[in-house]
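Participant: Quick one: the structure is below, questions incoming.
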Amino acid sequence: MAWDEWEQMKSDAAERQSARMRLNRLDGGPGASAADLVVNRDDLGAVGHEAFLLHGRLSKDGHHARPATFTAANALTHANFTSGAQLMSVHDRWNSQVRTLLDACARISDHLDYSVSAHANDDADIGGDLLSVSKIDGYFT
């Protein structure tokens, strides 16, 4: 690689980096607004609702085979079949996985509910702070 080629590559990289760097201002493009942080509560609500619905369905439907599997595993074990212990292992693993998924769905739903609430509180706090600053600013003009 020649020195000139290296310098050209550094220059091109610096131009690309400066084009992406925008601090303390909006880019002013189409649809630009004064809001830097936007949280669409409808999107969060939809995802949280789906997680809630999945939790409900999984808590009901994830256990259909549990009693029959447990009974079959016990019957096979008492009849001296080695597959009884293996079936009980499958039963236990399935229950563990269903509990893990239920916990994950509950966490997603709860976290999104918390996020919507926290963002609403942040918006109210910021709005109050800006209102008090604008009142003070009026005395300086």
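Participant: Calculate, axis by axis, the spread of Cα positions in the range 57-129 along the three principal axes, and write the results as whole Å, longest axis first.
Facilitator: Here the spans come out as 74, 17, 10 Å, largest first.
Participant: Expressed in nm to one decimal, what extension gain is obtained for the pair HIS78 and ARG66 from 0.36 nm per residue of sequence separation less their Cα-Cα distance? Don't jump to the answer; show the numbers that get you there.
Facilitator: On the way: separation 12, 0.36 × 12 = 4.32 nm, distance 1.83 nm.
Extra length available between HIS78 and ARG66 comes to 2.5 nm.
Participant: With the other protein chains left in place, how much accessible area per residue, in square angstrom, belongs to the range 49-123 at a 1.4 angstrom probe? Walk me through the numbers on the way to the answer.
Facilitator: Values: 5380 Å² over 75 residues.
With the other protein chains kept in place, the range 49-123 gives 72 Å² per residue.
The values are calculated or read from the model by the stated rules, or taken from the named source; none is laboratory data. Note that the structure is a prediction, hence the values are computed from the model and not measured. Ligands, DNA and RNA are stripped out before the accessible areas are found, and what is left, the full protein with its side chains, is counted by its heavy atoms. Shrake-Rupley method; radii C 1.70, N 1.55, O 1.52, S 1.80 Å.
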